[in-house]
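The values are calculated or read from the model by the stated rules, or taken from the named source; none is laboratory data. No experiment lies behind these values; they were computed from the predicted model shown. Every residue, glycine among them, receives a Cβ derived from its backbone with ideal geometry; neighbour counts consider all protein chains shown. SASA here: full protein model, heavy atoms, side chains in, ligands and nucleic acids out. Shrake-Rupley method; radii C 1.70, N 1.55, O 1.52, S 1.80 Å.
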Amino acid sequence: MDVKIEKSWKERLAPEFEKEYFKQLTEFVRHAYQTGVVYPPGPLIFNAFEHCPFEKVKVVILGQDPYHKPGQAHGLCFSVQDGVPFPPSLVNIFKEIETDLGTPAPATGNLTRWADQGVLLLNSTLTVKAHRAGSHQHKGWETFTDAVINCLNEERKILYISYGDRMRRRRGHLSTSRATSY
C-alpha cells in the first residue's frame with residue numbers, strides 16, 4: 001500500500017501498511033471522509049511525521065485524538081493553526097509551561113515550530129469525526145501509533161509526555177523510565 005508519509009517513517013513503518021488491520025483502517029477512513037466531515041483534512045493526517053522525521057525525534061507528546069471542531073486540527077496533536085482560539089487542552093499545556101519555566105503563553109497555538117525542532121506531536125488516533133471526540137478510536141489507529149512508539153523504542157532514547165486519562169492508560173507501550181503523564 002502506498003501511504004503518503006515522510007520517507008524515514010515510510011521505510012520503518014512499511015510492514016505496518018501491509019497488515020490487515022491497516023488495510024481495514026484505510027477503508028474505514030476513506031469511507032468516513034466520503035460520507036461526513038472528518039478532521040484533520042486528508043492531506044494532513046500524517047503531518048506530524050512530515051514535520052518530524054524519524055532521525056530528528058527527541059521528544060514525543062502524545063494526545064488522544066485530533067481536535068474535532070472546524071479549523072482546529074491540522075495533524076499535530078494539541079496544535080491549532082494561526083488565528084484559531086486555543087482549545088482548553090492547549091491552554092492547560094501553556095499554563096504548565098508558564099508554571100514550570102516562567103515562559104508566558106505564545107501568541108499562536110500553532111506548534112509546528114516544536115515539531116520542526118524534534119517534537120513528534122502524535123495523537124493516539126489520527127482522525128476524528130466532526131464534533132465527535134473519540135469517534136475513530138478502536139478502528140486501528142491505536143495499533144498503528146503503538147507501532148510508531150515501538151519503532152522509536154527500538155532505535156532511539158526518547159522522552160515521552162502524555163496528556164489525558166486515556167493516554168495515561170496507554171503508558172504501557174512507553175519506556176517507563178522516560179514517560180511523563182499530565
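If you roll a 1.4 angstrom probe over the protein chains with everything in place, what fraction of the accessible area of the range 25-157 belongs to carbon and sulfur, to the nearest %?
Carbon plus sulfur share of accessible area: 54 percent.
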Inset, instruction - Can you tell me how much longer the chain between Glu154 and Val37 gets when fully stretched, taken as 0.36 nm per residue apart minus their C-alpha distance, in nm with one decimal? - result: 38.5 nm
Inset, instruction - Grab the Cα-Cα distance for Leu101 and Lys58, subtract it from 0.36 nm times how many residues apart they are, and report the gain in nm with one decimal. - result: 13.6 nm
Inset, instruction - Please compute the net charge surrounding His74, taking Lys and Arg as +1 and Asp and Glu as -1 over other residues with Cβ under 15 Å from its Cβ. - result: -2
Inset, instruction - Just order 103-109, 79-85, 56-62, 157-163 by mean Cβ neighbour count inside 10 Å, highest at the front, would you? - result: 56-62, 157-163, 79-85, 103-109
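Taking only protein heavy atoms into account and a 1.4 Å probe, give the accessible area per residue of the range 1-157 in Å².
Ligands and nucleic acids excluded, the result is 49 Å² per residue.
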Legend entry - Amide N of the range 72-98 lying under 16 Å from the label point, which is placed 7 angstrom from the Cα of Thr108 along Cα→Cβ: 72-87
Legend entry - Residue pairs, from the table Lys69/Lys157; Lys19/Lys157; Lys23/Lys95; Lys23/Lys69, whose Cα atoms sit over 31 Å apart: Lys69/Lys157; Lys23/Lys95
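Between Asp82 and Asp2, take the C-beta separation as r, use R0 = 35 Å, and let me know the FRET efficiency to the nearest 0.05. Don't jump to the answer; show the numbers that get you there.
Numbers: r = 31 Å, r/R0 = 0.90.
E(calc), rounded to 0.05, equals 0.65.
In deg cm²/dmol and to the nearest 500, what is the mean residue ellipticity at 222 nm of the chain if only DSSP H runs of at least 4 residues count, each as -39500 (n - 2.57), divided by the residue total? Could you put the intermediate results ahead of the total?
Details: 7 runs with 71 residues, N = 182.
So the helix-based figure for the chain works out to -11500 deg cm²/dmol.
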